[in-house]
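To keep things clear, I will list the structure first and then write my remarks on it.
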Amino acid sequence: MSEQMTAQTQPPSAEELLRGAVKDPRELTRYLSYLKTLTEEGLNGSVLIAPLDAAINWSRANSIWPLSFGIACCAIEMMCAGASKFDLDRFGAGAFRPTPRQGDLMIVAGTVTHKMAPRLRRLWEQMPEPKFVMAMGACTIGGGPYCKYGYSVVKGLDKIVPVDIYVPGCPPRPEALIDAFLKLQARIRTDRPIEERIKGKEQGRGERA
C-alpha cells in the first residue's frame with residue numbers, strides 16, 4: 001500500500017513535463033533530443049530544458065499583481081480572499097498594487113457608474129501589457145439590481161474595457177475569486193508571447209512600408 005502511495009505522489013518526469021508543455025510535434029522531438037543528450041552526459045539534474053514561451057508564461061501566471069480597485073461591497077470579498085484564511089498570495093497574486101503602472105490584473109469589484117467609467121478606462125490604459133481585467137460581481141458584469149432603473153449605472157464592464165474573466169455572484173465568495181485566478185493562470189499558460197511579439201514587429205514593419 002505504501003509503495004502504491006509513493007508511486008502516486010512522485011513528481012512528473014522532465015519528459016512528461018515537456019510533453020505537456022510543447023504541443024508542436026517537431027518542437028517536441030527537438031526538445032526531447034536535447035533532454036536525451038543531457039541525460040547521457042549526466043547533466044539532467046543541473047540543466048533545465050524548457051521552451052522560452054513556457055518559461056515566460058510560468059513567470060507571468062505565478063506573479064499576477066492585481067490593481068486595487070474595490071468600489072462597492074464585492075471589494076469586501078476580495079479583501080477576504082487576500083487575507084490569511086484564503087491567502088491569495090499562495091498563487092503569487094497577493095501583492096495588491098496602488099498604482100496601475102505596477103498592475104497586471106484589474107479586479108473591478110463593485111458597481112461602476114457612468115461618472116466612474118472614464119476614470120476606470122484611464123487606469124486601464126495606464127497598465128502595462130500584458131494586462132487582464134476581471135469583472136467581479138453581478139453589478140460589474142451587467143448592472144445587478146440596477147440594470148433596469150439605475151440610470152447612473154453602467155450595464156456591463158465590457159462596455160468600457162475588454163473583460164477576460166467574469167466572476168458571477170452577489171457578492172461572489174472568495175473561493176469563486178480564487179477559482180477565477182486559477183482559470184486566468186491556465187489561460188496565461190497557453191499564450192505564445194514570443195510568437196506574438198514577432199508578429200507584432202512584422203505588422204509594424206508592414207504599416208511603415
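The values are calculated or read from the model by the stated rules, or taken from the named source; none is laboratory data. Predicted model, so just to flag it, every value in this text is computed and none were measured. Using ideal geometry, Cβ is built from the backbone for each residue, glycine included, and neighbour counts are taken over all protein chains shown.
Filtering the range 130-145 to residues that are free of Cβ contacts under 8 Å to residues at least 60 places away in the same chain and more than 18 Å from the chain's Cα centre (by Cα) leaves Ala138, Ile141, Gly142, Gly143, Gly144, Pro145.
Residues being surrounded by 15 or more Cβ atoms within 10 Å (Cβ to Cβ), polar (S, T, N, Q), modelled with pLDDT of 85 or more and part of a helix (DSSP H, G or I) are represented in the range 137-144 by at least one member.
Return yes when Pro118 is in the same structural domain as Ala72 (by TED's automatic domain parsing), in a loop (DSSP other than H, G, I, E, B) and either of a type outside the set (A, V, I, L, M, F, W, C) or touching a strand residue (DSSP E or B) at 6+ places or on another chain (Cβ under 8 Å) (or both) and no when it is not. No: the conditions fail for Pro118. If you go through the range 49-66 and keep only what is within 14 Å of Pro130 (Cβ to Cβ) and more than 13 Å from the chain's Cα centre (by Cα), you end up with just Asp53. Identify, from the list Arg192, Arg205, Arg197, Arg173, the residue that is at pLDDT 85 or above, of a type in the set (Lys, Arg) and at negative phi. One residue alone meets the criteria, Arg173.
So which of Val163, Val133 is part of a loop (DSSP other than H, G, I, E, B) and modelled with pLDDT of 85 or more?
Val163
Screening the candidates Met127, Met106 for the property of being in contact (Cβ under 8 Å) with a residue 60 or more places away in the chain, under 25 Å from Asn57 (Cβ atoms) and in the same structural domain as Met78 (by TED's automatic domain parsing) yields one hit, Met127.
Considering only the range 113-131, state which residues are touching a helix residue (DSSP H, G or I) at 6+ places or on another chain (Cβ under 6 Å) and over 11 Å from Phe69 (Cα atoms). Matches in the range 113-131: Gln126, Met127. Residues that are under 28 Å from Val22 (Cα atoms) and of a type in the set (A, V, I, L, M, F, W, C) within the range 164-189 comprise Ile165, Ile178, Ala180, Phe181, Leu182, Leu184, Ala186, Ile188, listed in sequence order. Pairs linking a residue in the range 168-181 that is in the same structural domain as Gly156 (by TED's automatic domain parsing) to a residue that is part of a helix (DSSP H, G or I) and surrounded by fewer than 22 Cβ atoms within 10 Å (Cβ to Cβ), with Cβ atoms under 6 Å and 6 or more positions apart or on different chains, are Gly169/Ala176; Cys170/Ala138; Pro174/Cys80; Phe181/Phe91.
Restricting attention to the range 92-114, the residues that are part of a loop (DSSP other than H, G, I, E, B) and within 12 Å of Ile160 (Cβ to Cβ) total 2. Residues in the range 83-90 include none that are of a type outside the set (S, T, N, Q), in a strand (DSSP E or B) and under 18 Å from the mean Cα position of the chain (by Cα).
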